[in-house]
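Q: Encoded as structure tokens, here's the structure I'll be asking about.
The values are calculated or read from the model by the stated rules, or taken from the named source; none is laboratory data. What you see is a predicted model, and the numbers here were worked out from it, not measured in a lab. As a convention, Cβ positions derive from the backbone with ideal geometry for all residues, glycine included, and neighbour counts pool all protein chains shown. Accessible surface areas use protein heavy atoms only, side chains included; no ligands, DNA or RNA. Shrake-Rupley method; radii C 1.70, N 1.55, O 1.52, S 1.80 Å.
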Amino acid sequence: RSIANWLLRRRQLSPFGACVNRRGGASAALLTDESAPERHSLDRHVGLLYRPEEADWQAVTRHFCRPELVRLFDTLGQRALMVRRPALEIGERLAGHAGDGRPCLRFVLYGRRGSGKSLQMGHVAAACRRRGWLLVTVHNAHLWMRHSRELHESAHRPGMFDTAGYGCIWLRHFYAMNQEILPGLRVTKELSWNAKESTPAGSSWKEVIDYALARPRYSCAAVQFLIDEIKLGSVPMPTLVCFEVANCLWWHRSGIKNDAIRRTPLQGEEPPWRADITAKQLTLLDAFKQLLDSDWNNGAAVMSVSPQGALFDRLREWMPRKLLGDEGFAYLDPFVPVYVEPYGPAEMSNMLNWYTESGWLTSEAAATDAGRAELAFLSDGNAGELLRIAGEW
């Protein structure tokens, strides 16, 4: 508290001077009545809170939120998300990019862990969904490299491996997010599943998904078929690809083991031994990696990089060059880097006001100038840290 008081006395040097109410106590949180994310603008809504519509929340936004944030909203019985500059800048660029026939436009969100990269991606995804875009979103792919689900050798891509469990989970998620437009989309070529079964050209995407869910062994092949259709340009609407923790695609080792992979034993190594399966050998990850390339049109890709998907020697890094490595950086180049910075003074003040109004901040000290300055100092403007610290006060 002594540090916070010193910051208040040195108001000309303190970034928290504009964060607190000089009369003592918290003021009202600033919310906008505009709940449609595609209507938010840089000159009117930056730093304000908005309440996402129920349809947008259930279909899109909640998938980009931390589990503890979802539980908080359920506990409080209300939701409020902040409109921030990174999402609006990407949204404005995508509004002018749709349907122009240019190659896939790629953005990479970066920042310290907990800064809100996923929430910015969710804001962009919700806005594009309301504009009629097809959404392809991938969450928690870095966990696919640590835990295998029904791992087996791929029948369609020799030398690679399918994770049927994750394939089924993603197909259900993809259908729930795009269920209004999927029945109208058709495959342009025959899809051969095995020697006896195939899906004829002209079938709907929903039929392909239903077939794969009924036969989980072909779930990863179905994902590859759908991605091939997107890259061929058979989708009439623009496509938005959102990939969280994209740096996991360039892992050279993992926690997945397979006895079928044989290598020369190291000196002094005793059997039995098993070799790692890399990201390049998983058909599901390789299929999504193809969508992050720029060799297709009428779409965009928004990615984030995070220490969550880093190897053990890069857990403290947060810059794209370090997290992606040489191979990943070269694969995505050129891309537009978008920095998700910590909360500014106005954003911090508004967030603290909402936490107080909603009952998440109940301590009397949190309503004082010194208490609010201490919260801003301890969290360092980090959204995730502020959520955690506020819950402990």
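Q: Only one of V70, V83 is among the β-branched types (V, I, T) and surrounded by 19 or more Cβ atoms within 10 Å (Cβ to Cβ). Can you tell me which?
A: Only one candidate passes the filter, namely V83.
Q: Would you kindly identify the helices (runs of 4 or more DSSP H) lying entirely within the range 89-195 that contain at least 1 residues that are open to solvent by 50 Å² or more (accessible area, probe 1.4 Å) and in contact (Cβ under 8 Å) with a residue 40 or more places away in the chain? Reasoning before the result, please.
A: Numbers: elements: 117-130, 141-144, 164-177.
Fully inside the range 89-195 and qualifying: 117-130, 164-177.
Q: Separate question: Look through Y355, Y339, Y331, Y343 and report the one residue that is out of contact with any Gly (no Cβ under 7 Å at 6 or more places or on another chain), open to solvent by 20 Å² or more (accessible area, probe 1.4 Å) and either of a type in the set (D, E) or modelled with pLDDT of 90 or more (or both).
A: Y331
Q: Sticking with this structure for a sec: Working carefully through the options R321, R316, find the one that is open to solvent by 30 Å² or more (accessible area, probe 1.4 Å), basic (K, R) and within 26 Å of L88 (Cα to Cα).
A: Only one candidate passes the filter, namely R321.
Q: While we're here: If you take the residues of the range 358-388 that are among the hydroxyl-bearing types (S, T, Y) and within 30 Å of E244 (Cα to Cα), which of them is surrounded by the fewest Cβ atoms within 10 Å (Cβ to Cβ)?
A: S358
Q: Take the residues in the range 226-272 that are hydrophobic (A, V, I, L, M, F, W, C), open to solvent by 30 Å² or more (accessible area, probe 1.4 Å) and out of contact with any strand residue (DSSP E or B) (no Cβ under 9 Å at 6 or more places or on another chain), then tell me which one is modelled with the highest pLDDT.
A: Filtering the range 226-272 for residues that are hydrophobic (A, V, I, L, M, F, W, C), open to solvent by 30 Å² or more (accessible area, probe 1.4 Å) and out of contact with any strand residue (DSSP E or B) (no Cβ under 9 Å at 6 or more places or on another chain), the one modelled with the highest pLDDT comes out as L232.
Q: If a residue has to be under 30 Å from the mean Cα position of the chain (by Cα) and open to solvent by 50 Å² or more (accessible area, probe 1.4 Å) to count, how many in the range 196-212 make the cut? If you could, list the steps in order and put the result at the bottom.
A: To start, the set of residues in the range 196-212 that are under 30 Å from the mean Cα position of the chain (by Cα) comprises 204-212.
Within this subset, residues satisfying the condition of being open to solvent by 50 Å² or more (accessible area, probe 1.4 Å) are 206-207, 210.
Count: 3.
Q: Restricting attention to the range 39-49, does a residue exist that is within 17 Å of the chain's Cα centre (by Cα), closer than 29 Å to E180 by Cβ and modelled with pLDDT of 90 or more? I'd like the intermediate steps shown before the answer.
A: Initially, the range 39-49 is screened for residues within 17 Å of the chain's Cα centre (by Cα), giving none.
Within the range 39-49, not a single residue is within 17 Å of the chain's Cα centre (by Cα), closer than 29 Å to E180 by Cβ and modelled with pLDDT of 90 or more.
Q: State all residues of the range 73-86 that are free of Cβ contacts under 8 Å to residues at least 40 places away in the same chain and not β-branched (V, I, T); if no residue qualifies, say none.
A: Correct list: F73, D74, G77, R79.
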